[in-house]
Amino acid sequence: MSRGLRRESRVDERGRLHQIRPNLEKRELVYQNTRLFFKEKGFMEVETPVLTPELIPESEIMPFRADGYFLATSPEIYMKRLLAAGYQRIFQISHVFRKKERGRYHNPEFTLLEWYRAGGNYRDMLNDTGELVLSLALNIAGSAKITYQGEAIDLSLPWAEFSLPELFQEVAGWDPSLSYDALRFDDDLALKAIPALPKDKPSVLIDYPAPAALLAHLKNDNPALAERAEVFIGQIEIANAYSELTNPEEQRRRFLEEITRMGGGVALPQKFIDSLSYLPASGGIALGMDRLVMLFCDAATIDEVIAFPLGNI
């Protein structure tokens, strides 16, 4: 590369970083206020390994390998091991890594906020999420109302809630809890169900088909459904909540079925499975911090709220 091209590259980077500085400053405010929110609710902030020898086997998530280990795709297995050891309320803001995730809302390295409540369930996690997002809006935007990409969004509580089976029946003509088809489910979720959600109000899709909830407790009154819910704001997926599965044998069975679907060659996360014997009834949730920051910055792409996304490293 010539000296002129190097200089032009440096100028382009400095210009880009200068341009997104207001977004990065707002990102800092989101982090500060998020930590304050959880501290006021009695949660302990924890740290877990980014380099890990074991992962949850998930066919839709491709991990990065690192010298015989993996880069964590989520802090979940370690946070649940903390719950099993007696921790009650914990949260973490962590960098996680997933291959082949690049686009408007995706970067292979991104930031998850995860928190867990011993004695809680997915309803508790959804309540936390609503309170957190509204608190951030009031403290950062000064209002419960924000504008994202030309659309006014009212973050006031309560949020709109939709039964996933009922919404699928309405917009796609089938109930995936009665006859599950993974490819059809993913396509109809992305192309029919999510676009049917309101843009002017956060939405919750609740009660997913059991095969689409690898780590969730099944509903006692209908085991074809799992206690899993997803939160959407501006039709963007923001968070994924569970009532956590606590039965180690059931979790082992589900993992083995998932590994079979993946074609084998994947090890069971044995320490995690063993820990479930001590895991109390719990609720857990993962929230995409980059996407949340996008909303408060009115940013069209994830690259606008990350200092060094892939391609600018």
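Picking from 53, 75, 280, which is most flexible by a Gaussian network model of the chain using Cα springs under 10 Å? In this elastic network of the chain, the residue with the biggest mean-square fluctuation among 53, 75, 280 is 53. Full extension of the segment from residue 144 to residue 16, taken as 0.36 nm per residue of separation minus the current Cα-Cα distance, would add 43.1 nm. Bridge orientation summary for segment 98-216: considering DSSP beta bridges with both residues in this region, about 55 percent are antiparallel. In terms of other Cβ atoms within 10 Å, 156, 177 run from fewest to most in the order 156, 177.
Over the C-alpha trace of segment 243-313, radius of gyration and Dmax come out as 18.5, 45 angstrom. Cβ crowding within 10 Å, taken as a proxy for footprinting-reagent exposure, orders 115, 159, 174 from fewest neighbours to most as 174, 159, 115. Beta-bridge orientation, segment 3-305: approximately 90 percent antiparallel, per DSSP, counting only bridges with both partners inside.
Once the gyration tensor of the Cα atoms in segment 78-169 is diagonalised, the equivalent ellipsoid follows with semi-axes of 26, 21, 17 Å, ordered largest first. Pairs over the 24 Å Cα-Cα cut-off, from the set 80/219; 26/145; 26/201; 41/199: 41/199. For 67, 12, 298, the sequence from fewest to most other C-beta atoms within 10 Å is 67, 12, 298. Evaluated over the Cα positions of segment 163-204, the convex hull gives a direction-averaged projected area, one quarter of its surface, of 2.8 nm². Counting 0.36 nm for each residue step from residue 200 to residue 268 and taking away their Cα separation leaves a gain of 20.2 nm. Over all distinct Cα-Cα pairs of segment 3-305, the Kirkwood formula returns a hydrodynamic radius of 20.4 Å. Computed over segment 141-234, the convex hull of the alpha-carbon atoms projects to a mean area of 7.0 nm².
Net charge in the neighbourhood of residue 260 (other residues with Cβ under 14 Å of its Cβ; Lys, Arg +1, Asp, Glu -1) is +1. Its Cα centre serving as origin, the chain has a Cβ charge dipole (Lys and Arg +1, Asp and Glu -1) of approximately 1140 debye.
With the Cα gyration tensor of segment 185-270 giving a ≥ b ≥ c as the square roots of its eigenvalues, does the rule (a/c under 1.5 for rounded; else a/b larger than b/c for prolate; else oblate) give rounded, prolate or oblate? Note, shape of segment 185-270 comes out prolate. Taking a Cβ cut-off of under 12 Å around residue 273, the surrounding Lys, Arg, Asp and Glu residues balance to a net charge of +2, with basic ones at +1 and acidic ones at -1. Less than 12 Å Cβ to Cβ from residue 177, Lys/Arg counted +1 and Asp/Glu -1: what total charge do the surrounding residues give? Residues near residue 177 contribute -2 overall. Applying 1/(1 + (r/R0)^6) with R0 = 22 Å to the Cβ-Cβ distance of residue 60 and residue 170 gives a FRET efficiency near 0.30.
Read-outs: derived from the displayed coordinates by stated rules, not from any lab. The shown structure was predicted, so the numbers you read here are calculated from the model rather than taken from an experiment. Please note: Cβ atoms are built from the backbone with ideal geometry, for glycine as well, and neighbour counts cover all protein chains shown.
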